[in-house]
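The values are calculated or read from the model by the stated rules, or taken from the named source; none is laboratory data. Because the structure is predicted, anything quoted here is derived from the model rather than measured. Positions of Cβ are backbone-derived with ideal geometry, glycine not excepted, and every protein chain shown enters the neighbour counts. Ligands, DNA and RNA are excluded from the accessible area calculation, which covers all protein heavy atoms including side chains. Shrake-Rupley method; radii C 1.70, N 1.55, O 1.52, S 1.80 Å.
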Amino acid sequence: MTMPATLLEVRGVHQIYGTGERRFTAVQDINLTLKEGEFVALVGPSGCGKSTLLRIITGLNKPSSGVVLYRDNVVDGVNPHATIVFQTFALFPWLTVQQNVEIALKVRGVAQKERAEKAVALLDKVGLDGFENAYPRELSGGMRQKVGFARAMAVEPELLCLDEPFSALDVLSAEALRGELLELWEAGDIPTKAILLVTHNIEEAISLADRVVVMAKEPGRIIADLTVDLPHPRQRKDADFIHKVDMVYAALAGQTQPEALEMGSEPGGAGRTRTLPDVQVTNLAGLLEALANKPDDRADIYQLVDELKIDSNHLFPLAEAAELLGFASIAKGDMTLTALGQTFADASILTRKEIFAARIRRLPMFRWLLNLLERADAHRLGWDVIQSALEFDFPPVEAEKQVEVAVHWGRYAELLTYDDDTALISLEEEAPVHA
Ligand code: ADP
């Protein structure tokens, strides 16, 4: 078997912006290799330098130091073998869909008579057959992004860089487009030899990529590089999938406390069962946002009590929840956001729910509860049944509180539903991945 050729090599890259007082390091000591056949995802909180790195890789920016090699040659100026698809791919509104693709072919020097035929074939590949003569304004966001893909494909890039290509789309269009991209890539229908996808959506990264490179910020740097050796199509509910997602979250969260103390044991088990701190998710989000607005994402806990106008009785459970979920670390009275906390603070509501779900699923209390529901008839149990089970571990008042918090957190994360009339707690049934 021949080894796949190395396509891209980033060696010791640093990027510094500004001078004097305002000088700061956007990315530090980046080392990254991409081989032919690899689909790599780059994840991390906003501001960790993902876009900067993409610009350096494609030659749009020259790094302050370090070097980028493409097929063993130093990249100096724009790399003609790499193309970027951006989050909102700008189409020319006065040109039809087909003309928008032909323009890219023209720039590449394709003769006029071949352009139409090639453009039609590309549009067909991305599933836009029949829309050649439509104008961008007539298309949905997802279809416009498909034109963007077709235009990027027209350049026939060996390295296709995608900068948050699905984040501006609604959930269903994004999911459909991910499926189509994967199909094109897996079928080998496109000349692309490697894909580098920048995203802050960890589930998206795990569902598509062979490797996930995790970055943290201040300074922007690589903190983990994980292999995702799961066959396609990947199911988000599979234990292996969830495990990989958890690994990325754990890398972002860092180890904030010793594992045994952090997690406790499951209800009914031998060890101490750790209670869920009694906090509302919106208040937790508020705290993380407040921290994200501080220099270095750090603050004195007592100062926060003053600023957020909450009393310390409320702040402590919030701080505890933030630490338990890996959103912040606490040392010497200071609270600091982890890369995961930064990601959460920056994320859309939907992504926040996903992050929250991934984090609470690993808590023994939730593992126990989800397991119980999984085994129950119609995946449903009465509140009182769960409370009674918890009364082996806690006094009745605390057991009731724990069910209340679990239901609130579980509903927010869309893992559970609760019907107040029947007092039944159910597992939330998940929509299929590639709809
Ligand atoms: P990401 O894509 O992960 O959100 P970016 O690469 O856009 O991160 O930015 C990394 C850091 O560099 C951010 O703090 C951003 O404000 C800063 N930055 C990006 N581009 C410039 C620039 N041209 N001049 C100064 N600072 C910049």
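Greater than 28 Å separation of Cα atoms is the criterion. Which listed pairs, Lys146/Lys217; Lys35/Lys113; Lys125/Lys193; Lys217/Lys401, meet it?
Lys146/Lys217; Lys35/Lys113; Lys217/Lys401, as the Cα separations exceed 28 Å there.
Any chance you could look up the accessible area of Met143 with a 1.4 Å probe, heavy atoms only, rounded to 10 Å²?
For Met143, solvent-accessible area is about 40 Å².
Quick one: putting +1 on the C-beta of Lys and Arg, -1 on the C-beta of Asp and Glu, what dipole do you get for the chain around its Cα centre, in Debye to the nearest 20?
It comes to approximately 1680 debye.
What's the carbon and sulfur percent of the chain's accessible surface, probe 1.4 angstrom, rounded to a whole number?
Here carbon and sulfur together make up 51 percent of the probe-accessible area.
Would you list Lys237, Lys146, Lys401 from the most to the least accessible area, probe 1.4 Å?
The ordering from most to least exposed comes out as Lys237, Lys401, Lys146.
Taking only protein heavy atoms into account and a 1.4 Å probe, give the accessible area per residue of the chain in Å².
Per-residue accessible area for the chain comes out at 47 Å².
Of the options Ile425, Trp409, Leu60, report the single residue whose Cα projects farthest towards the positive end of the charge dipole of the chain (beta-carbon charges: Lys, Arg +1; Asp, Glu -1).
The listed residue farthest towards the positive side: Leu60.
Tell me, how many Å apart are the Cα centres for the stretch 102-164 and for the stretch 328-383?
About 40 Å separates the Cα centre of the stretch 102-164 from the one of the stretch 328-383.
Do you know the relative contact order of the chain, to the nearest whole percent, from alpha carbon pairs under 8 angstrom that are 6+ apart?
In percent, rounded to a whole number, it is 15.
If DNA, RNA and ligands are ignored and the probe is 1.4 Å, what is the ranking of Ser173, Ser207 by accessible area, most exposed first?
Per-residue accessible area, sorted high to low, gives Ser173, Ser207.
Determine the sum of side-chain charges near Thr336: Lys and Arg each +1, Asp and Glu each -1, restricted to other residues whose C-beta is under 12 angstrom from that of Thr336.
Taking every other residue near Thr336 into account, the sum is -3.
Mind checking the angle between helix 97-107 and the chain's longest principal axis? C-alpha axes, 0 to 90 degrees, to the nearest 10.
60
Which of the peptides 327-333, 405-411 is most tightly packed, and how do the rest follow, judged by the mean count of other Cβ atoms within 10 Å per residue?
Peptide ranking by packing, descending: 405-411, 327-333.
Mean residue ellipticity at 222 nm from the helices of the chain, using -39,500 (n - 2.57) per DSSP H segment of n ≥ 4 over the full residue count, to the nearest 500 deg cm²/dmol?
Rounded to the nearest 500, the figure is -12500 deg cm²/dmol.
With the convex hull built on the Cα atoms of the stretch 363-435, state its orientation-averaged projected area in nm².
Projected area, direction-averaged: 5.5 nm².
Send over the Kirkwood Rh of the stretch 308-435, from the inverse of the averaged 1/r over different Cα pairs, rounded to one decimal Å.
By the Kirkwood definition, the hydrodynamic radius is 16.2 Å.
Which order, highest average first, do 108-121, 192-205, 158-171, 58-71 follow once you tally other Cβ atoms within 10 Å for each residue and take the mean per peptide?
Highest to lowest by the protection proxy: 192-205, 158-171, 58-71, 108-121.
Hey, got a sec? Which trypsin sites (Lys or Arg not before Pro) in the stretch 1-39 land in a DSSP loop and have at most 16 other Cβ atoms within 10 Å?
Arg23
If we count every other residue with Cβ under 10 angstrom of Tyr412's Cβ, Lys/Arg +1 and Asp/Glu -1, where does the sum land?
+2
Any idea of Thr19's accessible area? Nearest 10 Å², probe 1.4 Å.
The accessible area of Thr19 comes to roughly 110 Å².
Could you work out how far helix 312-324 tilts from the main Cα principal axis of the chain, as a 0 to 90 degree angle to the nearest 10?
The answer is roughly 50 degrees.
Which value, in Å² and to the nearest 10, is the accessible area of His232 when all protein chains are kept and the probe is 1.4 Å?
50
Quick one: the Cα spread of the stretch 6-251 along its three principal axes, in angstroms, biggest first?
Computed over the stretch 6-251, the largest-to-smallest principal extents equal 50, 45, 33 Å.
Angle, helix 171-187 long axis vs. longest principal axis of the chain, Cα atoms, 0 to 90°, nearest 10?
50
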